[in-house]
Amino acid sequence: MISNFFSKSKPIHYIVVSVILLLVFVLGRFKMFSTEFNMINFAEQIGLFIIALSSVFIFDFFVTRNSLTKKNSYNILLFVLYFAILPQTTLNANLLFANFFILLALRRLISLRSQKEIKKKLFDASFWIAIATLFYFWSALFFILIFAALLVYVMTDVKNYLIPIVGIASVAVITISYFIFLDKDIVDYVGGLFDYSMDFSPLNSKRIIIGSTLLLSFGLWSLVYYIKNIKSQMKSYRPSFKLVVLSAIIGLAIIAIAPSKNGSEFIFILAPLSIIMTNYLEVISEKWFKETLLWILVLTPIVLLML
């Protein structure tokens, strides 16, 4: 039974989710490999797989370290299954890198709970989000998360509100220097950053509609229980749980305004949804119901491949 197998955190779970993620990458790129295979392309795809797998491990690290879930492996199982349900999230290299850096930033923001090295963590978080914006501009919406963290962790030192600006400025200086060194036009680059679109017609495919509907419906249902559960958490942990909800909302906002909608933009909601649904799975007392939910998530990618 899947629920029993992943009910406790074990090293073998990392092997299982790594194999699942590898299958998602291979199947998602099968046509590309059969028509455009060469060693350079192969090396690039290996690199992207390592980034995606590293994202899973970073995600698991800060979730476990900050007790956002209990001691089980549902979180990484769901994270990888969400990749499988929406394999489009693995096809855009820029978005894979952007999400990787957002997870690094989220790791630092969640760890503010300890009230240690506050300024260093704020700088790191703003720096990583700024790097993410270089790969995908609308990642900049996650800067909201930094100031939200300052509020929910009740940090009143004015200097803390200035540190994110320093982090952003650091990346800006490096980027501008890069453009000057290569004699590239900064104005043209900046001019195309603010493109957005509210046209959802590009998402009108059976795979994306079924996959996204499943994820969002399960996520919304779990969110109701997740929000109720926040009150039962220790007072020092509640801000972290609130930041997870806000990160999911920001991810949805990015999906809504993404200039090029192809399904890859859903990558930003996979991590928070995994945490939210894991918390829901942990409170389900009926084993058959928990098992059914997990089997639906496991079988959905297989069914979608047949469409």
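Things to note:
- Residue that is surrounded by the most Cβ atoms within 10 Å (Cβ to Cβ) [pool: residues in segment 253-270 that are more than 12 Å from Leu215 (Cα to Cα) and either among the β-branched types (Val, Ile, Thr) or under 12 Å from the mean Cα position of the chain (by Cα) (or both)]: Phe268
- Qualifying residue in segment 209-232 (condition: within 20 Å of Asp60 (Cβ to Cβ), outside any helix (DSSP H, G or I), modelled with pLDDT under 90 and not small (Gly, Ala, Ser)): no
- Taking (1) at pLDDT 95 or above; (2) not in a helix (DSSP H, G or I) in turn, Pro259 satisfies each apart from (1).
- Test: residue in segment 37-44 that is in a loop (DSSP other than H, G, I, E, B) and among the small types (Gly, Ala, Ser): no
- Qualifying residue in segment 79-100 (condition: more than 30 Å from Ile176 (Cβ to Cβ) and either over 17 Å from the mean Cα position of the chain (by Cα) or not in a helix (DSSP H, G or I) (or both)): yes
Conditions tested, residue by residue: (1) in contact (Cβ under 8 Å) with a residue 12 or more places away in the chain; (2) surrounded by fewer than 24 Cβ atoms within 10 Å (Cβ to Cβ); (3) in a helix (DSSP H, G or I).
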| residue | (1), (2), (3) |
| --- | --- |
| Ser67 | yes, yes, no |
| Asn72 | yes, yes, no |
| Ala105 | yes, no, yes |
| Ser111 | yes, yes, yes |
| Lys116 | no, yes, no |
| Lys120 | no, yes, yes |
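- Where Val303 falls short, out of the listed (1) surrounded by 14 or more Cβ atoms within 10 Å (Cβ to Cβ); (2) among the β-branched types (Val, Ile, Thr); (3) out of contact with any Ser or Thr (no Cβ under 9 Å at 6 or more places or on another chain): (1)
- Filtering segment 139-181 to residues that are surrounded by fewer than 15 Cβ atoms within 10 Å (Cβ to Cβ), of a type outside the set (Ser, Thr, Tyr) and not in a helix (DSSP H, G or I) leaves Val154, Asp157.
The values are calculated or read from the model by the stated rules, or taken from the named source; none is laboratory data. Keep in mind that this is a model prediction, so the values were computed, not measured. With ideal geometry, Cβ positions are generated from the backbone for all residues, glycine too; neighbour counts draw on all protein chains shown.
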